[in-house]
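Trainee: Provided herewith is a single structure, encoded as structure tokens, for subsequent inquiry.
The values are calculated or read from the model by the stated rules, or taken from the named source; none is laboratory data. Please read these numbers as outputs of a predicted model, since none were measured by experiment. Virtual Cβ from ideal backbone geometry, glycine too; neighbours counted across all protein chains shown. Heavy atoms of the whole protein, side chains included, go into the accessibility calculation; ligands, DNA and RNA do not. Shrake-Rupley method; radii C 1.70, N 1.55, O 1.52, S 1.80 Å.
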Amino acid sequence: MKAVRLTTPLTQEALRQLKAGDTVLISGTIYTGRDAAHKRLVETLDRGEDLPFNVKDAVIYFVGPCPAKPGQVIGSAGPTSSYRMDTYSPRLIEQGLTGMIGKGLRGPAVVDAMKKHGCVYFVAIGGAGALMARSIKEAKVIAYDDLGTEAVRELVVEDFPVIVCIDAEGNNLYEQGRAQYQRN
């Protein structure tokens, strides 16, 4: 396990260096989307249309941020449970998505797509949304404004703190932790 500073886009070369358990500070552009937005993204692909942003080498944060108070860029922005995106994530990974940020477990189909196409799953600390928002320097809605808090946003982040939970080889921090606990 190591500490890594990462600047987006998240290329295949960069993601192959990341291992489960690494702590990462992400800077650059990331996108937001929860289940309603993911459903629309996949429906857009099904119709053969272009997505509202290029997912190649992109990172999506599973978040529906609170409204910003006056003087703030964004409100509290803590992660949502990632399993809600499991139906849609493999399709986006096939399109070149290389990073996902959320909390909780991912299903086998997502992990298989991550290993096949090269993608990592980062976890962010649930319950620390106000602290996470401090790393967000810019936020703008770029698609699906009608979804309100679940609209797709483009975020510019600086030193956004995450942990690699599942790396591109399928190594899973949750499983490793459980195995270590059982050995002890």
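Trainee: Work through the residues other than residue 30 whose Cβ is under 12 Å from its Cβ and net out their charges, Lys, Arg +1 and Asp, Glu -1.
Mentor: Surrounding charge for residue 30 is -2.
Trainee: Pull out a ≥ b ≥ c, the square roots of the eigenvalues of the alpha-carbon gyration tensor of the chain, then state rounded if a/c is under 1.5, prolate if not and a/b is larger than b/c, and oblate in the remaining case. Don't skip to the end; give the middle numbers.
Mentor: Working: a/c = 1.62, a/b = 1.21, b/c = 1.34.
Judged from the Cα gyration tensor, the chain comes out oblate (a/c at least 1.5, b/c at or above a/b).
Trainee: Going by average Cβ neighbours within 10 Å, how do the peptides 129-139, 80-90 rank, with the highest at the top? Could you put the intermediate results ahead of the total?
Mentor: On the way: 129-139: 17.8, 80-90: 20.1.
Result, highest mean first: 80-90, 129-139.
Trainee: Between the range 110-184 and the range 1-75, what is the C-alpha centre distance in whole Å?
Mentor: Each part reduced to its Cα centre gives a spacing of 8 Å.
Trainee: Could you work out [θ]222 nm for the chain from helices alone, using -39500 (n - 2.57) per DSSP H run of at least four and dividing by all its residues? Round to the nearest 500 deg cm²/dmol. Intermediate results must be reported in sequence, preceding the final value.
Mentor: Working: 6 runs with 48 residues, N = 184.
Value at 222 nm, helices only: -7000 deg cm²/dmol.
Trainee: When the accessible area of the chain is computed with all protein chains present and a 1.4 Å probe, what percentage of it is carbon and sulfur? Mind showing how you got there, number by number?
Mentor: Details: 4390 of 9010 Å².
That fraction is 49 percent.
Trainee: Would you mind getting the accessible area per residue of the range 4-182, heavy atoms of the protein chains only, 1.4 Å probe, in Å²?
Mentor: Values: 8330 Å² over 179 residues.
For the range 4-182, the per-residue accessible area is 47 Å².
Trainee: Can you tell me which of 97-104, 11-18 comes out highest on packing, and rank the rest after it, using the mean Cβ neighbours within 10 Å?
Mentor: So the order, starting with the most tightly packed, is 97-104, 11-18.
Trainee: Okay, next question. Using mean Cβ contacts within 10 Å as the protection proxy, how do 113-119, 32-38, 69-75 order, highest first? Numbers along the way, then the final one.
Mentor: Values: 113-119: 19.9, 32-38: 22.9, 69-75: 12.4.
Per-residue mean Cβ counts within 10 Å order the peptides as 32-38, 113-119, 69-75.
Trainee: Select from 173, 97, 27 the residue farthest towards the positive end of the dipole of the chain; place +1 on Cβ of Lys and Arg, -1 on Cβ of Asp and Glu, and compute about the Cα centre.
Mentor: 173
Trainee: Which percentage, to the nearest 5, of the DSSP beta bridges contained in the chain is antiparallel?
Mentor: Details: 18 of 33 bridges.
Percentage antiparallel, nearest 5: 55.
Trainee: Suppose every Lys and Arg Cβ carries +1 and every Asp and Glu Cβ carries -1, with no other charges. What dipole size does the range 4-182 come out with about its Cα centre, to the nearest 20 debye?
Mentor: With only Lys, Arg, Asp and Glu charged at Cβ, the dipole is about 360 debye.
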